[in-house]
Structure formats: C-alpha cells, structure tokens
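Encoded as structure tokens, the structure appears first; notes follow it.
The values are calculated or read from the model by the stated rules, or taken from the named source; none is laboratory data. As the structure is a prediction and not an experimental result, all values here were calculated from the model. Please note: Cβ atoms are built from the backbone with ideal geometry, for glycine as well, and neighbour counts cover all protein chains shown.
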Amino acid sequence: MKKVGVFIFLLATFLMNPGVAGTTASRVIEDGGTGEHSAIMMGDGSLPTHTLFRPENISDLDKKNTLPIIVWGNGACHDSPWEHVNFLNEIASHGFLVIAVGTMPTKEGEQVTEHSASSKLVDAIDWAIAQNSNKDSVYYQKLNPKQIGVSGMSCGGLQALEVADDPRTSTLLICNSGIFNDPMPEKLPGIPEVDKTQLKKIHTPTLYLLGGPSDIAYENGMNDVERIDHVPVFVGNLDVGHGGTYSQEYGGEFARVAAAWFKWQLKNDKEAAELFVGDPAGLSQDSEWTFNKKNLL
C-alpha cells in the first residue's frame, strides 16, 4: 500500500508540473519515415496546444548530437496539423524536432477546423528553448536552440512570414503561400494582416515551395521572391496546385526538398546543399521541378 501511495503522489506531482515535458498521446506515421531516425507524432502535457514530431529514440542524443527546432503553421490556419502529418513526420525522421501549431489528430483523416494565431509559432519556440534548459525535461540539452526554422503552408505560411523577424530564427520555409499582392476583400479567420513591407524584415535564407501556376498562391509567392533581394532565396515550383504533396507517401516531393533545405540550413549538410547550389542547382536534374534562386552560389 505504501508503494501505491508513493506512486500516486509522484504521478500527481508530475501532472501538476507544466514545466516538465511528458507524453500525453502518440502515433507512428508511415513506419516512422525514411530518414535515419524513426520518427513519432506525439502530444505533450506541457504543450497541449501543439503537436510534436520527433525521432522516437532521443536517449542517445547529447550536446554534440542535438535536434534543430522547426515550427510549423498549418494550411487554412487550422489549429491542428491533420493535413500535414506525413510531410512533418518525414522531416522529423531526418533528425529534427518539428512543433506544429494545434492539437494532435487522434485518428487518421480527422479534420479540425478551428483557427490559430501566429503567436503560437513563437510559443513553440519559447517552449523548446525552455525545455532544452530544464534539467527535468526529456529534452534537456538535446535540442539546438541556435538552429531554428520557421515554416508554414498557405495561411500558415503567412503566419510564418509574420514572425520571420524573430531574431532567434535561422531559416524560413514558405509553402504554397505568399503575401497578397492585392488587399484581401475581407478579413478571413486566422489570416495575418501583413503586407509586402514585411518581406524586408526577413533576415534568414528563405525557401518557397509552390504548386505551379495552378496554385492559388503562385502569383503572391512569386512576387514575394521577386521582391526579396537582401537574403538568399530559392523558389521551387512543382505542378501540383495548392494542395502540394503533403498527404502523399512520406510527404512526397515537397518533403524531400524541404528536408534537404533544413539539413543544409540547420545542420550544415553539404550533400543536402547540392540540391540548391551550383549552376544549375541539383534540383535541375528533376524535370518536374522549375526553380529560381537569388544570392545563392
């Protein structure tokens, strides 16, 4: 009986301590992805407003082998990454902690339509940095708070652009998105009210992934790239429309290219960089992609 009492006390103490990371639910997506680290999607009791994607086994990580941090805003500013789980899990399998805005989908195909705010991207960064410094956290000294990527799709891409001036960030990924060329006729739920002057606040290398001319964000995104001249920028177009390849097996081509970008920008992976550098860039070997770049060798 004494052991049971001690267990109940410890459990209650744990649940009442929001500063300690603890799993609330988890699910394996597509056998963990194709990267060198089998990944898992999970919730966390100390960050119930977000969903985590990370290597399942982080016990072997140390100060010399840490996880860069990537935060993600969802399409339609949904408060759940249900549309993007294959894509985000695949990126995590290459050795990243991906923190998506919104609650974890509890089953395949679940749709959550509540809307989120850009501030949740900042909340995710704050949480990860705090966990890395918390001796009681499973993430203690296992993250790299000096290597942070901000990213998002469609409305989530606008959210990422809204917080792109955060000095803690190292790179930016904007998918099927771009700041509106013309003012919105009406305010839509969750969409940040940013204009093209926001582009001048970008201070990191930036990747745009667009779905070609049939993508409703194509003109906005291409105009963004045309205007950005003060940081390295790469834009890739795949003729798949606004829906991208997120729900395809292992996130499809968008996941392949995004993972390579993050491996280059956040891990200094020279092999991954070959997809984006050179004349022409390595992506030219895939005839399905068209691209342009500025301020990149």
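For the residues Asn132, Asn144, the requirement of being at pLDDT 95 or above and not in a strand (DSSP E or B) singles out Asn132. If you go through the range 255-278 and keep only what is under 20 Å from Ile148 (Cβ atoms) and charged (D, E, K, R), you end up with Lys263, Lys267, Asp269.
Residue pairs whose Cβ atoms lie under 8 Å apart, separated by 6 or more positions or on different chains, with the first residue in the range 128-155 and in contact (Cβ under 8 Å) with a residue 60 or more places away in the chain and the second acidic (Asp, Glu) and part of a loop (DSSP other than H, G, I, E, B), are Val150/Asp166; Met153/Glu83. Could you tell me whether Val122 is buried (at least 24 other Cβ atoms within 10 Å of the Cβ) and either among the small types (Gly, Ala, Ser) or on the phi < 0 side of the Ramachandran plot (or both)? Judged against the criteria, Val122 is not a match. Can you name the residue in the range 46-80 that is in a strand (DSSP E or B) and modelled with pLDDT under 95 and is also nearest to the chain's Cα centre (by Cα) among such residues? Checked the range 46-80; the qualifying residue nearest to the chain's Cα centre (by Cα) is His78. Scoring Phe291 on the criteria (1) in contact with a Gly (Cβ under 9 Å, 6 or more places away or on another chain); (2) free of Cβ contacts under 8 Å to residues at least 40 places away in the same chain leaves a single failure, condition (2). Considering the conditions (1) touching a Pro at 6+ places or on another chain (Cβ under 9 Å); (2) in a loop (DSSP other than H, G, I, E, B); (3) not small (Gly, Ala, Ser), Val138 is excluded by exactly one of them, (1). Checked against (1) touching a strand residue (DSSP E or B) at 6+ places or on another chain (Cβ under 8 Å); (2) over 20 Å from Ala259 (Cβ atoms); (3) outside any loop (DSSP other than H, G, I, E, B), Val122 meets all criteria but (1).
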